[in-house]
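Just so it is clear, none of the values below were taken in a lab; they were calculated from the coordinates. Since this is a predicted model, take the numbers as computed values, not measurements. All Cβ positions, even for glycine, are placed from backbone atoms using ideal geometry, and neighbour counts span all protein chains on display.
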Amino acid sequence: MAGNLAVPKTLTRFSLSTKILDLQSFTGHDLKNRSNIYNSIFNPESFYTSLLDRSTCRRHLNQIHSQIIVTGFQYNGYIVTKFIHVSSNVGEISYARQLFDEFPEPYVFLWNAIIRGYSKQNMFDEALMLYTRMQNVGVRPDCFTLPHVLKACGGAAAFEVGQAVHGQIFRGGFERDVFVQNGVVAVYAKCGRIDHARNVFEGLGGRTIVSWTSIISAYAQNGQPIEALRIFKKMRNYGLQPDWITLVSVISAYADIEDLGQGKSLHSCVIKMGLEFELDLRIALTTLYAKCGNVMIAKSLFDEMEISNVIMWNAMISGFAKNGCCNEAITLFQRMLSKNLRPDTVTVCSAILACAQLGSLEEARKMGEYIDNSEYRIDVFVNTALIDMYAKCGSIDLARKVFDQTKTKDIVVWSAMIVGYGLHGRAHEAINLFYLMKQAGVRPNDVTFIGLLTACNHAGLVEEGWRIFDSIRDYGIEPRYQHYACVVDLLGRAGCLERAYDFITKMPIKPGVSIWGALLSASRIYRHVELGEYSAQQLFSLDPCNTGHYVQLSNLYASVFMWSGVARVRVLMKERGLTKDMGCSMIEIEGKLHVFRMGDISHPRSNEIYKEHKRLDRRLKEAGFVADTDSALHDLSYEDKEESLCNHSERLAIAYGLISTPYGTTLRITKNLRACVNCHAAIKLISRLENREIVVRDSNRFHHYKGGECSCGDYW
DNA sequence: ATAGGGTTAG
């Protein structure tokens, strides 16, 4: 029977009581009255477990361990089980394993303890391996084993293993055990099989609050926050009170649908219940505020916590990144490193995302270097993020380098690279990669096609793009809104306006902002007033506060000299209290970001910058550059046409770049709007005259200017 | 007097 090995059951009074004194000194465990001492003396299991319960670090465990050996209890099942339990709790799983391995013929309690340990430490594969071994040596799992095993399946997202365990549950007669069944619900949820989870939940006889929490979080985790909240209401209708873990899932569901009002009222519930400093709830609330755009409150919730974990840091870092506070995100990541807190893959992916959004190649390189020297170098998710980052920061070559170094390329890796090529207008590379991918036996997904269509779009390959769109269904993928939007853009920008409109009317989904936006922008380029006005009408009702649409329409009118139209749009904007978005460009010099707005004179070296700017202008004129006056007319808020022609923010950034970097250095600029016709032509020429490569990331794509040409081939 | 179970958050 369990634990009845041939070992002494009690110690001598002398040997144990001296040990008690030693051990008390470090555990602070005061055995207050004599009966406790007596119990301890005559019941070593009780004595050791009460000591172990108070152990919080390896030092305690070491001392207890040596006492166990001295007193000859290293083969006592009760004590060793407890030891494994405690040491895995304090993160000393290898210590736990050592005791387990030294135990002759471990029985089910010991197996359970060690499997639990690995599962708790997120070492799911090891837990599952031990589970297999346990069965191989003929130890039958019991109803305590299964929840740990299920947790490991969930953590490893091992659906098939989970299903197999589910089968064993029936065969073992554990199907009535609510603990086990709750675990099954969670496994299916973590594997994304929400229907299986629901079935198990529906079949559950005596549901507990944990069962409800499991199914609510199952929906919340699988992108169905509304259904999660519906079930939550149903649970309340049964008169069940949520516990704090339920609230975690409910708050995260509200975060997903960005319902700050409901979220806030739950926040006050949390405070009323005195759960304000419960870390997991704090994390959910921080995420709620961050997702709803309230970074300041999120930050204060983060700051108030003295003790945080990685997940909290991740919530804050990605919260910053998602709100465009890229520098804050990166700074926080660095602070985490300087505090010797261990980031995990989610942390580094968020930090990489922040770099990608920031667009600074220098910052991106630093991040890349950090990853190269870290354990995350081989992680697929991290590599995917890196590919995306380098592509978005202007270096498609570095992106490709990471891509080539990524050993196991899944569909997301391939897609990231294809999307990267698309962003840079390298359509042929994108399509080539697509063929290589198919040769490698990887099935494309919807994102792959977004990348391909964008690539064709940026390169003006209409027929190629059309063929690709037509082939989407051959791969068993239903085209989404974004695919349709790509096609409209593709046709529109190539000047096939009627065909684009025809396509819109025939497509099976309702056109939204980006589709009408694409048609409007094409109508502006090709001066198609009728379609432009129609698209603008749709946009004004769908998205009345977006200034961009008004500017586009006004530019369209200006390009065909319909000044009354220009005036009408201006009035409309005034009525709605809208002003034109300010053009803004950034250039990074020696690790410092310099921001320029149109006509900006705030830079400390402003005088030199304008001097250089004038010099450039002269050189452009000497080279025969004629400003396209149309662009000046396009500009709604600028009355002074000449000034608007040459003071565009990217020109100032370039001027500054030229005077502050050695001859031949590539200039890298990020701007918030799309490139204007005039600047685009000017920068092409500057790249030749000044012999510089200039890389500009506009709000839509990259332009690589070199030797008087741009990678976009004047098509954007 | 004596060893174990489920649900959460990025």
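Here are a few things to note about the model shown:
- From the Kirkwood radius over Cα pairs of the stretch A:480-580, Stokes-Einstein at 10 °C and 1.306 mPa s returns a whole-number translational diffusion coefficient of 117 µm²/s.
- Taking a straight Cα-Cα cut-off under 20 Å and skipping sequence neighbours fewer than 8 places away in the same chain, the aspartates and glutamates within cross-link reach of A:LYS409 are A:ASP372, A:GLU375, A:ASP379, A:ASP388, A:ASP397, A:GLU429, A:ASP446.
- Charge tally in the Cβ shell below 13 Å around A:SER300, where Lys, Arg are +1 and Asp, Glu are -1, A:SER300 excluded: -1
- Of A:LYS234/A:LYS322; A:LYS621/A:LYS706; A:LYS151/A:LYS272; A:LYS190/A:LYS392, those spanning more than 22 Å from alpha-carbon to alpha-carbon: A:LYS234/A:LYS322; A:LYS151/A:LYS272; A:LYS190/A:LYS392
- Pairs of Cα atoms nearer than 8 Å and 6+ residues apart set the relative contact order; for the stretch A:13-237 it is 10 percent.
- FRET efficiency, 1/(1 + (r/R0)^6) with R0 35 Å, evaluated for A:ASP543 and A:GLU463 via beta carbons: 0.65
- Taking the average, over residues, of other Cβ atoms within 10 Å as the packing measure, peptides A:54-60, A:157-163 rank A:157-163, A:54-60 from highest down.
- Take each peptide in A:584-593, A:485-494, count the other Cβ atoms within 10 Å of every residue, and average; sorted highest first, the result is A:485-494, A:584-593.
- Packing-based ranking, highest mean first, of A:556-564, A:354-362, A:572-580 given that Cβ atoms within 10 Å are counted: A:354-362, A:556-564, A:572-580
- Model label points for A:ASP142 and A:GLN334, set 7 angstrom from Cα along the Cα-to-Cβ axis, are 5.5 nm apart.
- Extreme residue, positive dipole direction of the stretch A:480-580, given options A:GLY548, A:PHE561, A:GLY492 (C-beta unit charges): A:GLY548
- Global form of the stretch A:13-237, assessed from the alpha-carbon gyration tensor, a/c cut-off 1.5: prolate
- Rounded to 0.05, the FRET efficiency of the A:ASP581 and A:ASN373 pair, given R0 = 51 Å and the Cβ-Cβ distance, is 0.80.
- Cut-off 15 Å between beta-carbons: net charge of the residues surrounding A:TYR238, Lys and Arg +1, Asp and Glu -1: +3
- The base-10 log of I(q)/I(0) for chain A, evaluated at q = 0.10, 0.11 Å⁻¹, reads -1.13, -1.30 [Debye formula, identical scatterers on Cα atoms, solvent excluded].
- A:ARG171 versus A:GLN224: modelled label distance in nm, points set 7 Å from Cα along the beta carbon direction: 3.0 nm
- Applying 1/(1 + (r/R0)^6) with R0 = 35 Å to the Cβ-Cβ distance of A:ASP410 and A:ILE257 gives a FRET efficiency near 0.75.
- Residues of the stretch A:448-472 with an amide N closer than 19 Å to a point placed 7 Å from the Cα of A:LYS506 along the Cα-to-Cβ direction: A:462-472.
- Around A:VAL595: net Lys/Arg minus Asp/Glu count, Cβ-Cβ under 12 Å: 0
- Simple spin-label estimate for A:THR666 and A:CYS269 in nanometres, 7 Å along Cα-Cβ: 5.3 nm
- Mean sequence separation of contacting Cα pairs (under 8 Å, at least six apart), scaled by the length of the stretch A:480-580, corresponds to a relative contact order of 21 percent.
- When only Cα pairs below 8 angstrom with a gap of at least 6 residues are kept, chain A shows a relative contact order of 5 percent.
- Per-residue [θ]222 nm for chain A (sum of -39500 (n - 2.57) over DSSP H runs n ≥ 4, rounded to 500): -20500 deg cm²/dmol
- In sequence order, calculated HN-Hα J values of the stretch A:547-558 (Karplus, 6.51, -1.76, 1.60; Hz; x Gly/Pro): 4, x, 4, 5, 5, 4, 5, 4, 4, 4, 4, 4
- Amide hydrogen neighbours beyond the local backbone of A:GLY583, cut-off 5 Å, H modeled: A:MET598
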